[in-house]
Amino acid sequence: MPFPVPTKSIHATMRFAYAARDRTATAGHGLVAALAVGLALFGAPAFAWDPEHLNRFRGAMVCLGCDLTGANLIRADLRSADLEGSDLTGANLYFSILIGATLRGTDLGGTNLRGANLFYSDLSQARLVLADMTGANLSGAQLIGADLTQTDLSGADLYGADLTGARIAQTDLGGASLYGANLTGAVMTAPRLDGAVLCQTVMPDGTIANDGC
């Protein structure tokens, strides 16, 4: 679900943000500069991240157990970032790049992850309740024990994803690809599967679904 910032403010913030990032030597410094510029221009959002925690991203792109609630990270390049155990509740990660990112135990409740690239990311034990992951790329992602209650995964690519023991309650998987996904032991309660591709998919009871091959 989109982060509640006026559209014009988002566009203006990101124009200045990317300009700041491009003038910075490293990806880590660029991320901090982009967010700092946006905050200086338009003030803090309704629930703001901790500036000290953002500084931990500098250089190594590592921020363990950090408070990044409501952070505006639209189209941010966070590939291989380590955000294990952090709180990104309500953050805007629209079309962000999180390839190979470590998000184990991270709280991503209510985040906007539409179109995000989470290829081979680790979301084990992550909380994704009410997150909008429409069209996200989760190929090869680890979602072991993740809470996907009322998560919107419509049109998402979950090719080869590991959802062992995940909680899939009222989750929207309409049109999603679950080709080769592993759902062993997953708790599925009234998920929406209209148009979902089930091919070589390991179901919760261990059977193989090939209905969509």
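Miscellaneous remarks
- Listed by Cβ neighbour count within 10 Å, with the fewest neighbours leading, V129, V187 appear as V187, V129.
- Length gained when the stretch R75-C199 is fully extended (0.36 nm per residue, less Cα-Cα span): 41.5 nm
- By other beta-carbon atoms within 10 Å, ranking R104, R75 with the fewest at the front produces R75, R104.
Every read-out reported here was derived from the displayed coordinates using simple, explicitly stated rules and does not represent laboratory data. Worth saying up front: this structure is predicted, and the values here are computed from it rather than measured. Note: ideal-geometry Cβ built from the backbone for every residue, glycine included; neighbour counts use all protein chains shown.
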